[in-house]
Structure formats: structure tokens, C-alpha cells
Amino acid sequence: MSLQWTLIAGFLYIEIVVVLLLVLPIASPKRWNSLFKSRFLQGLQAQAGIYFMILLAVLVLFLLDAIREMRKYSHHGDGEHKHLDAEMQENMRLFRAQRNFYISGFALFLSLVIRRLVSLISSQAGLLAQSEAALKQAAGASSAARAFMKDANEPNKEVDNLKKQVKELEAELILEAKDKKALKSQAENLTKEYDRLCEEHSKLQKQVTVSGKGDKKDD
């Protein structure tokens, strides 16, 4: 394996590890969010978009190169009788092209998955923080209202204002719960989409394999 494909394969292995760390319940969304907002990553955030686009462009170029090599060696020498050594070399080159296609394709796919997972985890952490702040605020307002109502025999304007605040906070809690439920549903849809993409990729892999075997039989 050449140096560039060795680097891409290593990058693919790193992506697999990152996806497993993000998907498995190893850390809470708050911990991941605090890691994403660390000084080091915040320093790279300004140029992260540029780096990501450059990475995608490089992976797309290598994917196109692998597809070109596959087409080249799949149809190379059709209808010709060659020496066994030459035919074995061509089959080996075709196998390498197919291997490079899978490596670059998976690397490109996992790059998009990682970016989406990071975005969802950050959003979930923000919603959890807002929900906790609203709960604490509502608990404090409820405690103050109960203590004040014990001391007062008759309702007054301050009690009415506190009741209004409690109702407003309860409405905010309901909205936060709905947002959290929507985020959970979005995460489930992402998981389903990920499984669907994996199935499509598996089908594509089978089609490429069948196509490769068909070309070998034609040779």
C-alpha cells in the first residue's frame, strides 16, 4: 500500500474510533460539549470549516481516482489472451483499486457522520443546560411563593406576580420538554438514516463485487 493510501486508511481507523466514542454511552453530552469548547478546539473553530472542506475535497479526489482505476482494470484487455502472470498482475491491481475505493468511500462517509454527531451532541447539551436552569428557577420561584403565602393571610399583588412567574416558568418547562423530545426524535432519525446509508453502501459493495467478478469471467 502506498504512503497516501496508508495515511487515508489510518485516518479511517481513527474515524471509526471517534464514531464509536461518540455513539457509545461513555460520556454525557455535557462532557462532550465541554471538550468541544476547550481552548484548543476553540482556537481551531475559526478555521474548522475550511479544514473540513479541504478534507472532503481530498477524499473525493482519492475516491474518484479509485473509481478510475477500477474502471481501467475492469475493462483492460477484454477479448485478449494474456499470459497468466500478466493477468494475475491486472487482477491484483483491480483488487487494490477496489480496496482503495472502499477505504476512501468509508472515510468520506464517516467524516460527514462525525460532523453531524458533533452538531447533535452540542445541541443536546445546550438544551439540557437550559432545562436545568429553568427547573432551578422554577423551584426557587415555587419555594418563594409558598413561603410568602404562608406569611400572608390574604392574596396581594406580589403573590399574583409570583403565580404568574410560576405559570410562565411551567410553560417554559413544557417547551423545554418538547424541544428535548424533538431532539431525541432527531437523534433516532439520524440513527435510522445511518443504518439506511450503511445498507445502501453494503448493496453498492455487493454490486461492485458482482461487477468485478463478471468482468473477470468475461476476461
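Key figures
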item: Pairwise label distance in nanometres, E188 with R31, each label 7 Å out on the Cα-Cβ vector; result: 2.6 nm
item: FRET efficiency for Q130 and S202, using Cβ-Cβ distance with R0 set to 45 Å, rounded to 0.05; result: 0.70
item: Greater than 20 Å apart at Cα, pairs in K136/K184; K136/K178; K72/K203; K136/K163; result: K136/K184; K72/K203
item: I114/V210 FRET efficiency (R0 30 Å; Cβ-Cβ; nearest 0.05); result: 0.50
item: Sequence of D65, D85 once ranked by neighbouring C-beta atoms within 10 Å, starting from the fewest; result: D85, D65
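Throughout, read-outs are computed from the coordinates displayed, never taken from laboratory work. This one's a predicted model, so the numbers in the text were calculated from it and none came from an experiment. Positions of Cβ are backbone-derived with ideal geometry, glycine not excepted, and every protein chain shown enters the neighbour counts.
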